[in-house]
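Written below as C-alpha cells is the structure these notes are about.
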Amino acid sequence: MKPSTSMSERMTGKDSNHLPAYWDARYAEDGFAYGTEPNDFLVSVTPQLSVGDALCLCEGEGRNATFLAQRGFRPVAIDFSQVALDKASALAAQRGITLPTQRADLEGFDPGLAKWDLVTMIFGQPELKIRRALYARIAACLRPGGAFVLETKTQEGASADSRYPDAATLCAELQGLDFVIARDGERLLKEGRYHDGAQRTAQILAFKR
Ligand SMILES: C[S@@+](CC[C@H](N)C(=O)[O-])C[C@H]1O[C@@H](n2cnc3c(N)ncnc32)[C@H](O)[C@@H]1O
C-alpha cells in the first residue's frame, strides 16, 4: 500500500501513532501486544448480536475477529499494519480458522452499503477527520438489525474535536443508529502488555434501525 497524499501529510504531524510504521514496529515485537483473548466488552454484548458478516476495523492482531469467527460470524479484519494482519492470520490458523484480512487505511475507506451484520471498532482511535467521515457511514453499511460495537480510550472533559472524546460525542457522529449502551467509565484493562491498568473508556452498542 503506497502512502496516500493525506498519509504523507500525516507523516509531518507530531503523533506518529497515525502511521502504519508505528504499528508495524509495535506488532513486530514478540507476543501479542493486546493479548490473544477478545475484548471483554465485545464478549459481554455478543449474545445480543445476530451472527453474520462482520467488519472488524482497526483489528490489529486478530484477537476479536478470531473470537467472532469461533462464534459463527464471518469476520473480515481491516488494519493498515501488514505486520498486524499477518499475526492475525497466524492466530486464526492456530485456531483452525481462515480469516480474511484487508490492509487498508481508514482514511477514505468504503465500508459498503447494507453489507454487514456487525461492525467492530475496539480501541481504534483514528484521527478526527477520519473518524467523522467513517462514523457517518456506519449506519448505511449495516444491514437492518446489524450492530456497531465500540470501545475506545477517552479523556475526561475532552472536547468533541478530541481524538479521545466521550460516548455522547461519538453517538452524535453515529447518526441513524439506536443506542443500547453508550457510556463512559474508568475501568481496569488487562489486555496484553499495552493495555494493562486503569483506563477511561467509552463503550457503545448500537443497532441499525
Ligand atoms: C490500539 S490498536 C487496537 C488493535 C485491536 N483492535 C485490539 O483491540 O487488539 C489500534 C489499531 O488501529 C490500527 N489503525 C490505526 N489507525 C488506522 C488507520 N487510519 N487505518 C487503519 N488502521 C488503523 C493500528 O494499526 C492498530 O492495529
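The values are calculated or read from the model by the stated rules, or taken from the named source; none is laboratory data. Because the structure is a prediction, the values reported are computed rather than measured. Because the Cβ atoms are built from the backbone with ideal geometry, glycine has one as well, and the counts that use them run over all protein chains shown.
Pro111 passes every criterion in (1) in contact with a Pro (Cβ under 8 Å, 6 or more places away or on another chain); (2) within 23 Å of Asp178 (Cα to Cα) apart from (1).
For segment 88-105, the condition of being closer than 18 Å to Gly192 by Cβ and basic (Lys, Arg) holds for at least one residue.
Contact map, segment 174-196: residues that are closer than 16 Å to Leu49 by Cβ paired with residues that are of a type in the set (Val, Ile, Thr), Cβ distance under 8 Å, separation 6+ or inter-chain. Pairs shown: Leu177/Ile138; Phe179/Ile204; Ile181/Val45; Ile181/Ile204. Counting only strands (runs of 3 or more DSSP E) that sit wholly inside segment 21-135, those with at least 1 residues that are hydrophobic (A, V, I, L, M, F, W, C) and touching a residue at least 40 places away in the same chain (Cβ under 8 Å) are 53-57, 116-122. Taking segment 148-172 only, how many residues are of a type in the set (Asp, Glu), away from the ligand (no atom under 16 Å from the Cβ) and at pLDDT 95 or above? The number of residues fulfilling the criteria is 1. In segment 143-161, what count of residues is obtained for those that are in a loop (DSSP other than H, G, I, E, B), among the small types (Gly, Ala, Ser) and touching a residue at least 12 places away in the same chain (Cβ under 8 Å)? Residues flagged as in a loop (DSSP other than H, G, I, E, B), among the small types (Gly, Ala, Ser) and touching a residue at least 12 places away in the same chain (Cβ under 8 Å) within segment 143-161 amount to 1. Annotation: of all residues in segment 1-42 being aliphatic (A, V, I, L, M), modelled with pLDDT of 90 or more and touching a strand residue (DSSP E or B) at 6+ places or on another chain (Cβ under 9 Å), the one that is nearest to the ligand (Cβ to nearest atom) is Ala33. Of the residues making up segment 50-67, those that are closer than 21 Å to Gly145 by Cα and either crowded, with 24+ Cβ neighbours inside 10 Å or near the ligand (Cβ under 6 Å from one of its atoms) (or both) are Ala54, Leu55, Cys56, Asn64, Ala65.
In segment 68-93, which residue that is within 16 Å of the chain's Cα centre (by Cα), within 11 Å of the ligand (Cβ to nearest atom) and among the aliphatic types (A, V, I, L, M) is surrounded by the fewest Cβ atoms within 10 Å (Cβ to Cβ)? Ranking the qualifying residues of segment 68-93, first place goes to Leu85.
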